[in-house]
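Inspection log for the structure reproduced underneath, given as structure tokens.
The values are calculated or read from the model by the stated rules, or taken from the named source; none is laboratory data. Treat the numbers as computed from the prediction; the structure is a model and nothing was measured. Every residue, glycine as well, gets a Cβ built from its backbone with ideal geometry; the counts of neighbours run over all protein chains shown. Note: areas computed on protein heavy atoms with side chains; ligands, DNA, RNA excluded. Shrake-Rupley method; radii C 1.70, N 1.55, O 1.52, S 1.80 Å.
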Amino acid sequence: MNKSQAFETACRQLALELGCAPEAFTQPGLTLTPAAFRSGARATIRKDPMLLMVGTGSSVVVSADPSLRPLVEELAGKVNGLHRLFEFPALRALDKKLQEHGRELWGAEHFFLPGEPLPALPLPEGFQYQWFDRETVREFYPNQRFPMALGPQYDPARPDVIALAALDGGRVAGIAGASADTAVMWQVGIDVEEAYRGKGLGAGLVSALSREIENQGKLPFYGTAAGNVHSQRIAVRCGFIPAWIEANA
């Protein structure tokens with residue numbers, strides 16, 4: 001799957017979740033749709049959404065509850081560029097309105113898709129490496145040590161399907177894992193213990209895992225908090241490119 005195909009695949013998935021045409025993510029402007037849970041959405045999407053907002057640059061799609069729609073339109077008319085809907089003043093106004101309904105903004109996340117081709121970064125020497133599949137990865141549950149790489153426990157709606165661990169003797173120093181967020185798109189996560197950081201381990205694990213996901217015919221994608229610059233650097237180093245920003249309640 002090349003870069004264009006990867007973006008088209010992601011746009012089709014986002015269009016399903018927000019109830020719009022895939023072209024809404026490539027044509028400049030604001031698209032508003034009703035908030036609703038739609039079958040086939042990523043497992044991370046709430047079953048009772050009030051707000052899901054996705055931007056790909058000059059295009060922003062907002063799936064909003066009727067009580068939020070006037071505010072979204074007002075904010076879109078005030079900002080100098082729709083990308084500013086993801087900045088603090090607009091998010092603060094949306095969060096204040098959501099709190100009237102007992103909800104709050106979860107935050108803004110950046111998502112990355114593969115460029116082409118994904119480079120094969122070296123795995124640092126001095127570690128043993130072990131692959132896990134959807135059955136053997138369960139030995140990590142209940143999981144608290146590696147929350148960015150694996151779920152806390154087995155989740156049939158969003159199973160961890162593949163992982164690569166670096167071991168220092170019998171100790172897991174870091175692990176990259178992938179969850180099947182959809183049948184086609186698998187999200188990559190990475191956790192490296194503090195004592196082992198700064199050795200290129202995170203990038204090496206993510207690189208190897210992402211290439212294996214592609215070998216299995218799936219699309220790897222990488223999500224990280226807007227403020228997690230270190231994680232974003234790993235994504236870029238591993239050949240991922242910025243694709244969309246997302247905020248939800």
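Among (1) open to solvent by less than 40 Å² (accessible area, probe 1.4 Å); (2) of a type outside the set (Lys, Arg); (3) more than 29 Å from LEU219 (Cβ to Cβ), which single condition is ALA10 missing? Tallying (1) open to solvent by less than 40 Å² (accessible area, probe 1.4 Å); (2) of a type outside the set (Lys, Arg); (3) more than 29 Å from LEU219 (Cβ to Cβ), ALA10 fails exactly one: (3). When we screen GLU246, GLU214 for residues that are of a type in the set (Asp, Glu) and farther than 17 Å from ALA178 by Cα, the only hit is GLU246. Considering only residues in region 73-132 that are acidic (Asp, Glu) and not in a loop (DSSP other than H, G, I, E, B), the one that is least open to solvent (accessible area, probe 1.4 Å) turns out to be ASP95. From the list GLY151, GLY177, the one residue that fits, being free of Cβ contacts under 8 Å to residues at least 60 places away in the same chain, outside any loop (DSSP other than H, G, I, E, B), among the small types (Gly, Ala, Ser) and touching a strand residue (DSSP E or B) at 6+ places or on another chain (Cβ under 6 Å), is GLY177.
If you scan region 100-139, which residues turn out to be of a type in the set (Phe, Trp, Tyr) and closer than 18 Å to GLY170 by Cβ? Walk me through how you get there before you give the answer.
Here is the first cut: in region 100-139, the ones of a type in the set (Phe, Trp, Tyr) are 106, 111-112, 127, 129, 131-132.
If the condition is that a residue be of a type in the set (Phe, Trp, Tyr) and closer than 18 Å to GLY170 by Cβ, then PHE127, TYR129, TRP131, PHE132 are the ones that fit.
Could you tell me whether VAL184 is in contact with a Leu (Cβ under 9 Å, 6 or more places away or on another chain) and open to solvent by 60 Å² or more (accessible area, probe 1.4 Å)? In short, yes. For region 160-179, what are the residues that are touching a helix residue (DSSP H, G or I) at 6+ places or on another chain (Cβ under 9 Å), of a type outside the set (A, V, I, L, M, F, W, C) and surrounded by fewer than 22 Cβ atoms within 10 Å (Cβ to Cβ)? Across region 160-179, the qualifying residue is only ASP168. Taking ALA41, is it farther than 18 Å from LEU94 by Cβ, open to solvent by less than 30 Å² (accessible area, probe 1.4 Å), touching a residue at least 12 places away in the same chain (Cβ under 8 Å) and within 16 Å of the chain's Cα centre (by Cα)? So ALA41 fits the description; yes.
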